[in-house]
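Every number in this text was worked out from the coordinates using simple rules, so none of it is lab data. Predicted model, so just to flag it, every value in this text is computed and none were measured.
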Amino acid sequence: MEKSQLIYPSISAQKIDHWQATVAEPLSVVLFWIYLLYTVKLIRQKDSSNLLPTAYQWIKLLVLTMFVLGTVWIATVISPFVWPTFNDNHYYPSEVLLVILIYWISFAGYHRTQMVYVETVKAGSSSLDTLTPDEIAVCVQKMQEAMESEKLYLDPDLTVAKLADHISLNSRQVSSILNQHLQKGFSEFVNEYRVNEVKQRLLASENQHMTISGIALDCGFSSQATFQRVFKLLTQMTPKEFIQSESRKVKN
């Protein structure tokens, strides 16, 4: 920057290096530790009973690793003042540790994600062990009635918990029934009803004064972008293409 005259001659590269070593990096270490300690505080306040054991152990191990990294970083910053070094050799231990950390997060993180997924599926299966096939069929009927008759899908803030409370089940049972018996996730289940509602309203003459976006929001979609993506996914066409297709059918 100095050679290309992007900085003033009075601000030399040596001064920038000096500010980096004496001000910027020590401040970065302080902020890192403040953030890390605040993270520990939040973890202790969090009710870990809602987390799967594997996920909770992963979080604790990751935080412990951050403590090791933070300690090495402190030593890296202090070492030049205690033992003067040359060519920034004191950074090598922390840089090697960062490389190891990146690979560890990549491989261990992927492996543990698979473990959490398996545990989630097992937990979902066990939550249905207390229900008979007839009771599960009744639950499916209740969920469908909540959508078709009461139109819960019109609520843009609808969640699994809200649906579960409405039909007197717990969230895990609702998710398990959807996944294992209807082969759908919660979002897919709800959005199918929303898209069907949008299709009906787009063709209704009393809604011709409304925009497509306005109709989508009235049908429970939280944003235009989400609506466009979901509509195209479920119908294989855009809303405008759907209107044009239906118009041609009427003419024919």
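What shape does region 202-248 take by its C-alpha gyration tensor, where a ≥ b ≥ c are the square roots of the eigenvalues and a/c under 1.5 counts as rounded, a/b above b/c as prolate, and the rest as oblate?
On the way: a/c = 2.49, a/b = 1.10, b/c = 2.26.
Oblate, because a/c is 1.5 or more while a/b does not exceed b/c.
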Hey, what do the phi angles of region 139-147 turn into as Karplus ³J(HN,Hα) couplings, whole Hz, using 6.51/-1.76/1.60 and θ = phi - 60°, x for Gly and Pro? 4, 4, 4, 5, 5, 5, 5, 4, 7
Based only on Cα atoms, what Rg/Rh ratio does region 137-251 have, Rh being taken as Kirkwood's radius? 1.01
